[in-house]
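**Student:** I have a structure here, written as structure tokens, and I will follow up with some questions on it.
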């Protein structure tokens, strides 16, 4: 029978379906004989010869079905990736295809596919299984395994089908949970959650789909959705098939064209929507132990650290588990050799200044002050013990399904005090925020001026999260060049003694740094030892690349095994940005953005008159503008022409006037001589040709 693509935790499963049939063909069953390619009228009279012919036909038939089984590489992570792995194939006449054919170019689940010789195939739907005859006891559960952790487990059972001449097409299976969830702005969005593991049960007719639940917020949101028809929760069984589809074009022989193609056909498992009974919801609400009550929200605690309070969420099922948020998001530094800011500015070419645009892409990293977490531990432990748990306290970053980025963007050249939601941002509370904004020239100038000293804050905003259904929480985001997230000082340990570690500090960024305060922590197995940094004078400044030897003194002697790693706390380090160097690092010159200016070249009739005392006359002026699209040729009968001049956009950022237009004129004389004028500059967009005598002796 069929089985997983590989291992026990793969998101894809290959269902052999009809390819695994064990056919027992009755010689009197003419329908079955025809399906395996035997004409009943042509069977021999001898029974033993009939059996041999049927046996051979059955073998050939099953080989043919097996050839339809999809091939899935082990590394394939999703059914969509499997579809994309197929190389595009040319269209061919239908008779040249070995796969079943669809009637339309976009077939749906439930349609019948027919091979060129008449074999019919379809796909069989699944339903959510039930416990015996109790239709309300759906096989939906939350399991808690020591190795796998909490998982949503759904058992799907193939719908019954009557025997017919239609076979089931071998296909790839993936399972997804679709639901409508609320977001922080008060609306809802449709969310699809793929099951990371899909396996067969005791046969191909049973699927067991597993989805890990990584946070209590996810568990509570899921149970809430499974309790309400308004969430429109459904289980999608995605079937990947290889079939022929009509192209709508004709082949060289004039016959309709068909192309072999991989498709994903979605089937919604009944019931639709998927709603748990009150009894089942209550039983699953605790998530372990067979039932610990109804769906409970996480409990929020706010604790002050300094002049700001911070939220901690307690897991209602495992009270020793608490979840927290980053203190803030700061402009990241890339982990390359220069540790440059994770900021890129690109200019877009335009035909006039009003259309000039600048795209600013940035990445910001979360910053968590370890001191405030350490300070919160005693209070959180006290709360956890009050609920009866003796397990060690665990602090984890909260995982939020629908975070929203809000930014204060300049408008019409003025700073903005209001925040607006920005679509398309990639947000992960543990990894950071990546986003790009396209700004008009006058708005980007404010960012540029901030970069060059008007303010060290280039852009501010916040990441808003729903916080498990409670009041929203806002995490500040600020793009600054003086305070960034990422390595600024590299610390390289040297010799070690129980009471100290010699080390070298090096400024690894493009700008100088000012050290206001410096601390470090040595990780020694399960212990974390605070380190005092000696050798750093008050107000220390380090130029780019400059190093300093220091001594790290632990709060208590180091163990004989030494330390695993040393973490340097850079919260007290302030960069002194070298704006010109930073601009060279962040401004993208890989493609030069240019402003196009329409320039008119115009002569007057008098410029073609024969000079007094000369028999020579001007035949034409050829005017060439620097960075122009073409030269302009003027004659006595054509006194006017035009060209396009391209100038760089970058100077416009500073608010300076566009650079002057440089042009040169060639004067073509009837005698054959060509006079070449010096280069001239003008701020006007109307150019006048400069009459220039040919060089002495004529010639060009």
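Read-outs: derived from the displayed coordinates by stated rules, not from any lab. Fair warning: this is a prediction, and the values are worked out from it, not measured in the lab. Here Cβ is always computed from backbone atoms with ideal geometry, including for glycine, and neighbour counts include all displayed protein chains.
**Student:** For labels at residue 537 and residue 131 in the simple 7 Å Cα→Cβ model, what's the distance in nm?
**Tutor:** Placing both labels 7 Å along Cα→Cβ, they lie 7.6 nm apart.
**Student:** Assuming R0 = 22 Å, can you tell me the calculated FRET efficiency for the pair residue 670 and residue 637, based on Cβ-Cβ distance, to the nearest 0.05?
**Tutor:** Numbers: r = 15 Å, r/R0 = 0.68.
Result of the calculation: an efficiency of 0.90.
**Student:** Could I ask something else about it? Can you give the % of DSSP beta bridges in the chain that are antiparallel, to the nearest 5?
**Tutor:** Details: 170 of 186 bridges.
Among the beta bridges of the chain, antiparallel pairing accounts for roughly 90 percent.
**Student:** Take the Cβ-Cβ distance between residue 96 and residue 583 as r, set R0 to 56 Å, and report the resulting FRET efficiency rounded to the nearest 0.05.
**Tutor:** Numbers: r = 60 Å, r/R0 = 1.08.
Rounded to the nearest 0.05, the efficiency is 0.40.
**Student:** Of (1) 2, 11, 16, 16, 11, 9, 9, 8, 7, 6, 3, 1, 0; (2) 2, 10, 14, 15, 15, 14, 11, 8, 6, 3, 1, 0, 0; (3) 3, 15, 24, 24, 18, 10, 5, 1, 0, which is the value of P(r) over Cα pairs in 10 Å bins from 0, in percent derived from the coordinates here?
**Tutor:** Answer by label: (2).
**Student:** Moving on to the next point. Label residue 609 and residue 423 with points 7 Å out from Cα along Cα→Cβ: what is the distance between them in nm?
**Tutor:** 6.6
**Student:** Using only alpha carbon pairs under 8 Å that are at least six residues apart, calculate the relative contact order of region 69-176 and give it in whole percent.
**Tutor:** On the way: 113 pairs, mean separation 26.4, N = 108.
Rounded, it is 24 percent for region 69-176.
**Student:** Right, something else. For region 389-443 and region 477-493, what is the centre-to-centre distance using only Cα atoms, to the nearest Å?
**Tutor:** 19
**Student:** Rounded, prolate or oblate: which fits region 74-296 when a ≥ b ≥ c are the square roots of the eigenvalues of the alpha-carbon gyration tensor, with rounded for a/c under 1.5 and prolate only if a/b beats b/c?
**Tutor:** Details: a/c = 2.56, a/b = 2.07, b/c = 1.23.
Note, shape of region 74-296 comes out prolate.
**Student:** Could you give the length gained by full extension between residue 71 and residue 385, i.e. 0.36 nm per residue of separation minus their alpha carbon distance, to one decimal place? Each step should come with its number before you reach the end.
**Tutor:** Working: separation 314, 0.36 × 314 = 113.04 nm, distance 5.35 nm.
Net length gain for the segment: 107.7 nm.
**Student:** Return the whole-Å distance between the Cα centroid of region 238-269 and the Cα centroid of region 601-617.
**Tutor:** The two parts, judged by their Cα centres, are 73 Å apart.
**Student:** Oh, and also: Mind giving me the FRET efficiency for residue 253 and residue 431? R0 is 51 Å, r the Cβ-Cβ distance, nearest 0.05 is fine. Don't skip to the end; give the middle numbers.
**Tutor:** Working: r = 56 Å, r/R0 = 1.09.
The value I calculate is 0.35.
**Student:** Now a separate question. Under a plain spin-label model, where a point goes 7 Å from the Cα along Cα-to-Cβ, how far apart in nm are residue 482 and residue 495?
**Tutor:** 4.0
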